[in-house]
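Input: a single structure, listed below in structure tokens.
The values are calculated or read from the model by the stated rules, or taken from the named source; none is laboratory data. Worth saying up front: this structure is predicted, and the values here are computed from it rather than measured. Every residue, glycine as well, gets a Cβ built from its backbone with ideal geometry; the counts of neighbours run over all protein chains shown.
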Amino acid sequence: MIENIAGVIIWSEYVERLAAFYRDVLGLAVHSWRPSFVAFTVGETRLSIGKHDGVVGPTRDPYRIMVNFGVKDIHLAYHELRAKGVEFLRLPQREHWGGWVATFQDPEGNILQLLQQPS
């Protein structure tokens, strides 16, 4: 039935500003860029930023959904993002299951995490 996650959309009132964060700070590769919808390629998945008339202002419940970005070296990724001004809510920390997690927010308050799988 369901084989994978084809994509994730983050709705925003300010598509260009938020998309610039994902492109310039997180370094995601742009798949397509239109005035009200930007799609990024993340592995085999699309992460998109789109304008939605029902979304106004920053997120109201930032913990409802978290986007996890897989990284090979969480400490390196953490330091690179800190150098670009990203403030972390949770520093890289080993989880009880052996992986590592670090938590931060995008400019609209959506919760994002770096996730390093156990080796």
TODO: Among the numbered conditions (1) farther than 24 Å from Pro118 by Cα; (2) under 11 Å from the mean Cα position of the chain (by Cα); (3) in contact (Cβ under 8 Å) with a residue 24 or more places away in the chain, tell me where Val56 comes up short.
DONE: (2)
Task: Residues of segment 93-119 satisfying the condition of being outside any strand (DSSP E or B) and within 15 Å of Pro62 (Cα to Cα) - done: Asp106, Pro107, Glu108, Gly109, Asn110
Open item on the list: Step by step: first the residues of segment 19-30, then only those that are surrounded by 14 or more Cβ atoms within 10 Å (Cβ to Cβ) and either among the polar types (S, T, N, Q) or out of contact with any Asp or Glu (no Cβ under 6 Å at 6 or more places or on another chain) (or both), then the one that is nearest to Val55 (Cα to Cα). Which residue is that?
Closed with: Ala19
Open item on the list: His75 - would you say it is without any contact (Cβ under 8 Å) to a residue 60 or more places away in the chain, in the same structural domain as Leu91 (by TED's automatic domain parsing) and exposed (fewer than 15 other Cβ atoms within 10 Å of the Cβ)?
Closed with: yes
Task: Only listed residue being assigned to a loop (DSSP other than H, G, I, E, B) and loosely packed, with under 15 Cβ neighbours inside 10 Å, chosen from Arg60, Arg82, Arg90 - done: Arg60
Open item on the list: Can you report the number of residues in segment 1-18 which are more than 13 Å from Arg46 (Cα to Cα) and either surrounded by 12 or more Cβ atoms within 10 Å (Cβ to Cβ) or touching a Ser or Thr at 6+ places or on another chain (Cβ under 8 Å) (or both)?
Closed with: 8
Task: Condition met for Leu112 (surrounded by 17 or more Cβ atoms within 10 Å (Cβ to Cβ), outside the structural domain of Trp11 (by TED's automatic domain parsing) and out of contact with any strand residue (DSSP E or B) (no Cβ under 6 Å at 6 or more places or on another chain)) - done: no
